[in-house]
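Colleague: Provided herewith is a single structure, encoded as structure tokens, for subsequent inquiry.
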Amino acid sequence: MADNAMPNIAARNEQAGQIDVDEDPNMVQWRGNLVSEKEAKALRHVYDNLQDHFGHQRPDPRVRFNHESLAHPGHGQKWHGDVDFTYDIDGDHCNLNYIGMDVCVDLAPKLVHKHGQPMLKDHGRAWLYVYLPQLTIDKVKSYVKAGTGWDVSDEGFFEDPNRNLVAIEANLNHQSGQPEPSFWVIKDKDASGGGISFSRIGSVQEVAAQSHQQRIHRGVGIFTVSMEVEGTPNFEPTPGGGDEAKLSFTLVSVRTWGITDCVAPIVYAPSKWHHYY
């Protein structure tokens, strides 16, 4: 995924950012950094208030998916591009690089080979499984089509037809210099206003390393999204030409409601789940 400023700002602030010394009167503070007013409004809307995210029996999110162009890395047949989002917040259109989805985050232990090597290498460090309803994925696909013109392929989605769930392999920032995704747990409801607040207990990787947390956690995952399309190096693919876009999700933060035992995790490979391709 291409580097951009907003994911870095949001991810840094999820942990504890530094306040810029040259304050701009057109900028406002969000989680310790200065961002534009519209960015702050959208960040509060998605991160703090958990509004307009995709989920079961939730109203259709007031968000448009945007995609400007694809870039070729100079080798191979695949073109890549990022997706961004325009939220309609009380009639104000605010751009952001994130969407939220109701998910179950899999921190459960995975089986290892008899030689002691994990069968799902780097799960919980560089990537992890998240599970969500088939209807949610279908809704996301329809938003991609409406906003960008691209049909979304089924590549990378694993279906459990018995529960109408889909598993996706969500990427995690983990290399040096990259802010790791944050893990938040629910606190008691605000007695005065009845609101819900969350407390950060570490990064996803730190929480995944704790044995008592190695379960399935349900909550809201906040993601960046990118797409990949097959093509030729000298000709950028365009929607409507018969090609489909593969979506990739990177988890940047999760707000959890608690642990669930209602989802059976993948423990060594998605062989018991139906692989679309």
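The values are calculated or read from the model by the stated rules, or taken from the named source; none is laboratory data. Owing to the predicted nature of the structure, the values given are computational and were not obtained by experimental measurement. Cβ sites come from the backbone with ideal geometry, for glycine too, and all protein chains shown count toward neighbours. Side chains are part of the model used for accessible areas, which takes the heavy atoms of the whole protein and leaves out ligands, DNA and RNA. Shrake-Rupley method; radii C 1.70, N 1.55, O 1.52, S 1.80 Å.
Colleague: For region 93-107, give me each residue that is farther than 18 Å from Gly147 by Cα and either touching a helix residue (DSSP H, G or I) at 6+ places or on another chain (Cβ under 8 Å) or of a type outside the set (Asp, Glu) (or both). Please lay out each step first, then the result.
Modeller: We begin by selecting, within region 93-107, every residue farther than 18 Å from Gly147 by Cα; these are 102-107.
Across region 93-107, the qualifying residues are Asp102, Val103, Cys104, Val105, Leu107.
Colleague: Could you list all residues from region 217-237 that are open to solvent by 60 Å² or more (accessible area, probe 1.4 Å), in contact (Cβ under 8 Å) with a residue 60 or more places away in the chain and of a type in the set (S, T, N, Q)?
Modeller: Filtering region 217-237 for residues open to solvent by 60 Å² or more (accessible area, probe 1.4 Å) gives 218, 230, 232-236.
Cutting the leftovers down to in contact (Cβ under 8 Å) with a residue 60 or more places away in the chain gives us 218, 230, 232-233, 236.
The one that is open to solvent by 60 Å² or more (accessible area, probe 1.4 Å), in contact (Cβ under 8 Å) with a residue 60 or more places away in the chain and of a type in the set (S, T, N, Q): Thr232.
Colleague: Can you confirm whether Gln214 is surrounded by fewer than 16 Cβ atoms within 10 Å (Cβ to Cβ), at pLDDT 90 or above and more than 21 Å from His56 (Cβ to Cβ)? Before the answer, list the steps.
Modeller: Working: surrounded by fewer than 16 Cβ atoms within 10 Å (Cβ to Cβ): no; at pLDDT 90 or above: yes; more than 21 Å from His56 (Cβ to Cβ): yes.
Taking the combined requirement at face value, the residue does not satisfy it.
Colleague: If you don't mind, there's one more thing I want to ask. Just to verify a result, which residue in region 197-229, among those that are among the polar types (S, T, N, Q) and part of a helix (DSSP H, G or I), is nearest to Ile186 (Cα to Cα)?
Modeller: Step one: filter region 197-229 for residues among the polar types (S, T, N, Q), giving 197, 199, 203, 205, 210-211, 213-214, 224, 226.
Those left that are additionally part of a helix (DSSP H, G or I): 205, 211, 213.
On the way: Gln205: 18, Ser211: 19, Gln213: 14 Å.
Here the answer is Gln213.
Colleague: Would you point out the residue of region 24-71, among those that are more than 26 Å from Val185 (Cα to Cα) and of a type in the set (S, T, N, Q), that is modelled with the lowest pLDDT?
Modeller: Checked region 24-71; the qualifying residue modelled with the lowest pLDDT is Asn26.
Colleague: While we're looking at this one, here's another question. Just the residues that are surrounded by 12 or more Cβ atoms within 10 Å (Cβ to Cβ), of a type in the set (D, E, K, R) and either touching a residue at least 40 places away in the same chain (Cβ under 8 Å) or over 30 Å from Arg58 (Cβ atoms) (or both), please, taken from region 70-126.
Modeller: Lys78, Asp82, Asp92, Asp102, Asp106, Lys110, Arg125
Colleague: Is it the case that Asn173 is within 14 Å of the chain's Cα centre (by Cα) and closer than 25 Å to Ile259 by Cα?
Modeller: Values: within 14 Å of the chain's Cα centre (by Cα): yes; closer than 25 Å to Ile259 by Cα: yes.
Yes; evaluated as a whole, the condition is true for this residue.
Colleague: Let me ask something additional. From the list Val267, Val254, Val263, pick out the single residue that is at pLDDT 90 or above and either touching a strand residue (DSSP E or B) at 6+ places or on another chain (Cβ under 6 Å) or not in a strand (DSSP E or B) (or both). Break it down into steps so the answer makes sense when it comes.
Modeller: Details: Val267 fails: at pLDDT 90 or above; Val263 fails: at pLDDT 90 or above.
Answer to the selection: Val254.
Colleague: Right, here's the next one. Suppose the filter is open to solvent by 30 Å² or more (accessible area, probe 1.4 Å), of a type outside the set (S, T, N, Q) and under 17 Å from the mean Cα position of the chain (by Cα); does Glu206 pass it? If you could, list the steps in order and put the result at the bottom.
Modeller: Values: open to solvent by 30 Å² or more (accessible area, probe 1.4 Å): yes; of a type outside the set (S, T, N, Q): yes; under 17 Å from the mean Cα position of the chain (by Cα): no.
Here the answer is no, as Glu206 does not meet what is asked.
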